[in-house]
Amino acid sequence: MNTLTIQVPEKLEKEREETVRFLAAKLYEAGKLTLRQAAEMAGMKKWDFAETLIRYGIHFLDQGAAEDLEAFRKSHAQ
């Protein structure tokens, strides 16, 4: 991973770890990062980060898994 420096209000600097987790979660939600990449950015294990996503109300299935699940549901709804 590369390092990116951003300016944040002092309040966020005091909550650095939570701010990084939040940014990683939002980047994951936007499809910019995989679960593995977001977890790495947050300095967490993948499944621990998945719990963080749940706290933020973000579904942690990747898009491919979500599409497969939806296709399965449709095929069994008939």
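Coordinate-derived values only; no laboratory data. In this text the structure is predicted, and so the values were computed from the model without any measurement. Reconstructed Cβ throughout: ideal geometry from the backbone, glycine too, with neighbour counts over all protein chains shown.
Note on the chain: helix-only mean residue ellipticity at 222 nm, from DSSP H runs of 4+ residues weighted -39500 (n - 2.57) and normalised by residue number, equals -20000 deg cm²/dmol. 3J(HN,Hα) along region 9-16, derived from phi through the Karplus expression 6.51 cos²θ - 1.76 cosθ + 1.60 where θ = phi - 60°, amounts to x, 3, 4, 6, 5, 5, 10, 3 Hz, with x in place of Gly and Pro. Annotation: amide H-H contacts under 5 Å for Leu33 (H modelled 1.01 Å from N, sequence separation of 5 or more, or interchain): Tyr28. Pairs of lysines in the chain whose Cα atoms sit within less than 24 Å of one another amount to 7, provided the residues are eight or more positions apart or on different chains.
What net charge do the residues around Arg55 carry, taking every other residue with its C-beta under 14 Å from that of Arg55, with Lys and Arg at +1 and Asp and Glu at -1? It works out to a net charge of -3.
P(r) for the chain, from all Cα pairs and a bin width of 5 Å, is 3, 15, 22, 20, 15, 10, 6, 4, 3, 2, 1, 0 %, short bins first.
Residue separation of His76 and Glu17 scaled by 0.36 nm, minus their Cα-Cα distance, works out to 16.9 nm of gained length. Sequence-distant contacts, meaning Cα pairs under 8 Å at least 6 residues apart, place the relative contact order of the chain at 21 percent.
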